[in-house]
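Written below as structure tokens is the structure these notes are about.
Every number here is computed from the coordinates shown, using simple stated rules; none is lab data. Everything numeric in this text was worked out from a predicted model, so none of it was measured. We place every Cβ from the backbone using ideal geometry, glycine too, and count neighbours over all the protein chains shown.
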Amino acid sequence: PLTGVSLSAKPPGGQVALGDRLLLSCAVATGTGPLSFSWHREGSATLLSTGPHLELQHVGVEDSGCYHCRAIDGDSVAESTKLNVTVL
């Protein structure tokens, strides 16, 4: 089973200046088989991206919110904790 799904951000803490770049990364501590990832923002049904990274170029106020990633290894699904992104 998947364990230890974590989310990190650059810049750290998820605080990013208006117009700057935000990079979110998803990592898995343990899991078997090929991994796939999906990115989600709370309150939106739209899939943001697939893959271990989500990059937002030139962030705007509309990019603020709680983000999380989901990791899938074929047999199990696990989610990261949520990260609150604030656009300053």
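So the label point goes 7 Å from the Cα of residue 17 along Cα→C-beta, right? Which residues of the stretch 56-88 then have their backbone N under 19 Å from it?
Under cut-off, by backbone N: 56-64, 85-88.
Could you give the length gained by full extension between residue 3 and residue 61, i.e. 0.36 nm per residue of separation minus their alpha carbon distance, to one decimal place?
Working: separation 58, 0.36 × 58 = 20.88 nm, distance 3.27 nm.
Answer, rounded to one decimal: 17.6 nm.
Can you check what the net charge comes to around residue 66, using other residues whose Cβ is under 15 Å from the Cβ of residue 66 (Lys, Arg +1; Asp, Glu -1)? Show your work: numbers first, answer last.
Numbers: positive: 41, 70, 82; negative: 42, 62, 63, 79.
Charge balance near residue 66 sits at -1.
Which of the cysteines found in the chain have nothing to pair with, since no other Cys Cβ lies under 4.7 Å from theirs?
66
May I ask what percent, to the nearest 5, of DSSP beta bridges between residues of the stretch 3-87 are antiparallel?
90
When the convex hull of the Cα atoms of the stretch 3-87 is projected onto a plane and the area is averaged over all directions, what value comes out in nm²?
If you wrap the Cα atoms of the stretch 3-87 in a convex hull and average its projections, you get 5.1 nm².
Using Cα pairs under 8 angstrom and six or more residues apart, how large is the relative contact order of the chain, in percent? Let's see the in-between values first.
Values: 216 pairs, mean separation 33.3, N = 88.
Dividing the mean separation by the residue count of the chain yields 38 percent.
Any idea what the dipole of the stretch 3-87 comes to, in debye rounded to 20, about its Cα centre with Lys/Arg Cβ at +1 and Asp/Glu Cβ at -1? Don't jump to the answer; show the numbers that get you there.
Values: 5 positive and 8 negative charges, 24 e Å.
Around 120 debye, computed over the stretch 3-87.
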